[in-house]
Amino acid sequence: MTALRLRGFDIHKEFLGRVAQQEVLDAVRGVVRQAPFFRPEVPRGGRMSVRMSAAGRYGWFSDRRGYRYVTEHPDGQPWPEIPAPVLAIWDKLTGLERRPECCLINYYDADARMGLHQDRDEADFQWPVVSVSLGDDGLFRIGNLTRGGKTESIWLQSGDVVVMGGDARLTYHGVDRIKPGTSTLLPKGGRINLTLRVVE
């Protein structure tokens with residue numbers, strides 16, 4: 001395992017070995033069985049290219065009314081609990097007693113991407129966001145505290161974990177593309193990204 005810092009983002013390469021990746025994936029599959037993936041509508045119309053689910057007290061949601069956290073899956077059921085193997089990643093990397101109330105689960109197929117954005121729907125930005133990569137490589141782009149300007153990119157592999165905190169908490173970031181066939185963790189390919197967030 002190696003760690004590096006890029007624009008204030010702490011990137012822990014190979015934080016999860018293959019066995020740990022499989023354990024987290026199995027836990028995530030249990031969540032998705034209860035709270036199936038859906039493709040959120042965006043305020044300007046159309047739908048996101050990623051498919052989403054969530055675990056915890058809150059899930060993230062989007063429609064024509066805007067972006068927000070909600071306490072129920074679109075089918076009306078409460079979100080499942082955040083699995084213990086996922087919470088263990090937060091505990092080990094942050095050392096915080098405060099635990100996340102949301103684990104957002106994004107599935108990227110070969111054509112999905114996520115434009116540059118800030119995570120700013122939370123009540124208090126002092127808490128970090130922890131991001132876990134599973135499956136195919138994703139090209140992660142890091143921008144600035146405001147839109148525009150030069151950016152830097154890094155390929156994230158399965159098992160990599162990124163901590164966005166401190167001055168980098170509101171830095172713009174996104175995923176430009178997925179490199180199919182770079183991991184055998186997901187039998188049908190694609191990338192799963194987990195982001196752990198303190199909402200309240």
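Read the figures in this text as sums done on the coordinates, not as results from a lab. Quick caveat, the model's predicted, so the values are computed rather than measured. Cβ sites come from the backbone with ideal geometry, for glycine too, and all protein chains shown count toward neighbours.
Shape of the range 139-200 from the C-alpha gyration tensor: oblate (a/c of 1.5 or more and a/b not above b/c, with a ≥ b ≥ c the square roots of its eigenvalues).
For the range 94-105, 3J(HN,Hα) computed residue by residue from phi via the Karplus equation (6.51, -1.76, 1.60; θ = phi - 60°) reads 9, x, 8, 6, 5, 10, x, 9, 9, 10, 6, 10 Hz, glycine and proline entered as x.
Karplus-derived 3J(HN,Hα) values for the range 31-46, using 6.51 cos²θ - 1.76 cosθ + 1.60 with θ = phi - 60°, are 5, 5, 4, 7, 10, x, 4, 9, 10, x, 7, 9, x, 7, x, x Hz; glycine and proline are entered as x.
Convex hull volume of the C-alpha atoms in the range 1-159, normalised per residue: 130 Å³.
When W90, W155 are sorted by how many other C-beta atoms sit within 10 angstrom of their C-beta, beginning with the fewest, the order is W155, W90. Look at E122, E152 and count the other Cβ atoms within 10 Å of each Cβ; fewest to most, that gives E152, E122. Peptide packing for 178-186, 165-173 was compared via the average number of neighbouring C-beta atoms within 10 Å per residue; ordered from the highest value, the list is 165-173, 178-186.
Loop-located GluC sites (Glu not before Pro) in the range 1-110 (DSSP state not H, G, I, E or B) with no more than 16 neighbouring Cβ atoms inside 10 Å: E14, E81, E97.
With a ≥ b ≥ c the root eigenvalues of the C-alpha gyration tensor of the range 50-132, is it rounded (a/c under 1.5), prolate (a/b larger than b/c) or oblate? It is rounded, given that a/c, with a ≥ b ≥ c, falls under 1.5.
Working from label points 7 Å from Cα in the Cα-to-Cβ sense, the T182 to R47 distance is 2.6 nm.
Couplings 3J(HN,Hα) for the range 143-150, derived from phi with the Karplus relation 6.51 cos²θ - 1.76 cosθ + 1.60 (θ = phi - 60°), are x, 10, 6, 10, 5, x, x, 6 Hz, where x marks Gly and Pro. Extending 7 Å from Cα along the Cβ direction at T146 and again at L4 yields two label points whose distance is 2.9 nm. Each part gets one Cα centre, and for the range 1-63 versus the range 80-126 those centres are 7 Å apart. Please say if the range 91-200 is rounded, prolate or oblate, where rounded means a/c under 1.5 for a ≥ b ≥ c the square roots of the C-alpha gyration tensor eigenvalues, and otherwise the choice is prolate for a/b larger than b/c and oblate otherwise? The shape class here is oblate.
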